[in-house]
1. Residues of region 75-107 being open to solvent by 60 Å² or more (accessible area, probe 1.4 Å) and aliphatic (A, V, I, L, M), which ones?
2. Within region 118-137, can you find the residues that are within 15 Å of the ligand (Cβ to nearest atom) and either closer than 20 Å to residue 40 by Cβ or of a type in the set (Val, Ile, Thr) (or both)?
3. How about region 118-143: which of its residues are more than 13 Å from residue 96 (Cα to Cα), in contact (Cβ under 8 Å) with a residue 24 or more places away in the chain and surrounded by fewer than 18 Cβ atoms within 10 Å (Cβ to Cβ)?
4. Can you tell me which residue in region 23-42 is farthest from residue 117 (Cα to Cα), limited to those that are surrounded by fewer than 20 Cβ atoms within 10 Å (Cβ to Cβ) and either within 13 Å of the ligand (Cβ to nearest atom) or under 17 Å from the mean Cα position of the chain (by Cα) (or both)?
5. Taking the condition within 19 Å of residue 147 (Cβ to Cβ) and without any contact (Cβ under 8 Å) to a residue 40 or more places away in the chain, does residue 107 pass?
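The values are calculated or read from the model by the stated rules, or taken from the named source; none is laboratory data. Predicted model only: the values in this text are computed from it and were never measured. Ideal geometry is used to build each Cβ from the backbone, glycine not excepted, and the neighbour counts take in all protein chains shown. Only protein heavy atoms, including side chains, enter the accessible area calculation; ligands, DNA and RNA are left aside. Shrake-Rupley method; radii C 1.70, N 1.55, O 1.52, S 1.80 Å.
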Amino acid sequence: MPYPRNGLGKSLSRAAIDYHYGKLYKTYVDRYNEGEGDPTFNEAGAFLHEIYFTQFRKPTNSNTPNGVAGEFITKHYKTFEKFKSEFEKAAMKIQGSGWVYLSDKGEIKTIVNHQIKQDIVLLIDWWEHAWALDYQADKKKYLENQWKIIDWNVISGRVGLSS
Ligand SMILES: [Fe+2]
């Protein structure tokens with residue numbers, strides 16, 4: 001990870017990262033490597049967590065999209081506020097375990113359980129294990145706090161790679 005485990009402030013606590021990154025993510029990788037369980041599921045789980053955990057930086061209150069990512073969001077959603085509201089709507093429709101992401105075409109899409117997708121530029125884990133420890137049932141607060149730690153340089157790189 002490009003930050004220390006206690007480096008994301010209240011957005012994702014040290015305890016949540018120890019559990020989510022240190023245990024769950026590692027389990028997908030280990031089980032895949034050891035041929036345990038469903039290899040497709042474990043491979044996709046490892047793939048998605050890699051994308052998820054490499055897109056964060058230390059939190060700031062004024063963390064808004066800049067550069068290529070900023071232009072991309074403005075092009076597709078006009079404002080960051082509008083984008084966040086659409087993203088939240090899509091996320092809150094997810095039933096059960098899944099993910100929500102911004103695609104390289106500017107669409108907001110969801111993933112059931114784990115699936116490998118090649119068009120992800122920004123990805124939020126919507127499994128209960130991603131938010132329950134820090135946020136109990138307040139998924140909207142979890143999402144709101146993720147916006148404070150998104151490293152928009154990483155997102156710009158992903159947008160740039162796909163265009
Ligand atoms: Fe997860």
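1. Within region 75-107, 92 is the sole residue that qualifies.
2. 120, 123, 124, 125, 126, 127, 129
3. 119, 133, 140, listed by residue number.
4. Filtering region 23-42 for residues that are surrounded by fewer than 20 Cβ atoms within 10 Å (Cβ to Cβ) and either within 13 Å of the ligand (Cβ to nearest atom) or under 17 Å from the mean Cα position of the chain (by Cα) (or both), the one farthest from residue 117 (Cα to Cα) comes out as 23.
5. So residue 107 fits the description; yes.
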